[in-house]
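A quick write-up on the structure given underneath.
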Amino acid sequence: MGFLRIRTTVDERPGRLASLASALAARGGNILGLSVQSDHDGTVDEFVADIPAGAETVREALEAAGGRRVQVVAATAHELTDEPTRALLLAARLRAMPWRLPELLAELLRADDARWIYGEAVSDLPDPTQLVVPVAARRAVRLRRAELPFTLTEAARAAAFTRLARPALDQGAAAERGIKLSDGVEVTIRPLTAIYREAVRDLHDRCSPESRRFRYFTSMPALPPRMFDRLCDRSRGHSLVAGHDGQVVAMANLVFTPDPGIAEMALLVEDRWQGRGLGTALARMVVRAARDLGYAEVKATMLADNATMRRLLVSLGATLGYTDDPGVVEARLPVGAMASA
């Protein structure tokens, strides 16, 4: 038959594992890998074995040896890698590329499918072939594996693995960075908070109607208080302001959307600060923030005549597409595809 991955639930009694191993040996099995996992109603023993017997024969032998819910699926030689080493290598890849969390979770747990879900319940599900791993308050990864149900141990592994993709708790709140623009002027980038309410109001006052129209699709003379509060709410997004000489001269917003794994970006740069590289620097920062928060893609919706924003996003690696409204263009940027400086 060849390589098999064999799982069975057993009662925690002395000698039970030895009985299972003996049953496999009696069928000519050579055990090449073994793990013991916890589950709701007992211990799950998992073997990877090279065994000539068929799956049904193996199942009957283990049931006779005291196994319950025996499951036998085909395995490959690739699965014989040392499990701790494999997990460490995947963890290193995740730290370097946190936006690939679903793909790497699927590889860790050998799942058939993994995808972002947004706003759905993340409590226990009745289907044991599904595992929902919370990532943030309203975002999770759903894994499916048809042949082998997920165990409590695997759920704990997935939760620990996911924590590697999250930024440090205070990373956003404490972030402050100075950048030098193309003309040598320095500005300071900080997270948007309520203390900037008046400064953001003044920014809107100084922006031309066209700059405000490009940002809001209308020449909004002032940012409504409710919208400002939403932009400050870190459960809804991640926003930055650029400051110089006591004024806010630009604002960048990353807004979480109902689309799984997708966040939306928007920029407002005061007219006299445009064309100096500030918008590009802010765009790069919010895309990196989206990546660090586990998002896979950033999109931006803009008016078709906003040539500056279109050029900026294309320079970062975005693709443009038209929407149902002929006057509106949508850009989509996979966070891992952002062009280097």
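Quick notes
- Members of region 1-15 found to be crowded, with 18+ Cβ neighbours inside 10 Å and charged (D, E, K, R), listed by number: Arg5, Arg7
- Region 200-253, subset of a type in the set (Val, Ile, Thr) and under 20 Å from Asn306 (Cα atoms), residue least open to solvent (accessible area, probe 1.4 Å): Val249
- Number of the condition not met by Arg27 [criteria: (1) over 21 Å from Glu79 (Cα atoms); (2) surrounded by fewer than 17 Cβ atoms within 10 Å (Cβ to Cβ)]: (2)
- Residue within region 259-268 that is of a type in the set (Gly, Ala, Ser), closer than 17 Å to Arg138 by Cβ, modelled with pLDDT under 95 and in contact with a Pro (Cβ under 8 Å, 6 or more places away or on another chain) present: yes
- Pairs, first within 18 Å of Thr85 (Cα to Cα) in region 30-45, second open to solvent by 60 Å² or more (accessible area, probe 1.4 Å) and of a type outside the set (A, V, I, L, M, F, W, C), C-beta under 7 Å, six or more apart: Leu32/Asp50; Ser35/Glu83
- Yes/no for Leu62 being at pLDDT 90 or above and either of a type in the set (Asp, Glu) or open to solvent by less than 20 Å² (accessible area, probe 1.4 Å) (or both): no
The values are calculated or read from the model by the stated rules, or taken from the named source; none is laboratory data. On a predicted model such as this, the values are computed, not experimentally measured, just so you know. For neighbour counting, all protein chains shown are included, and Cβ atoms are generated from backbone atoms with ideal geometry for every residue, glycine included. Just the protein is used for accessible areas: all its heavy atoms, side chains included, with ligands, DNA and RNA removed. Shrake-Rupley method; radii C 1.70, N 1.55, O 1.52, S 1.80 Å.
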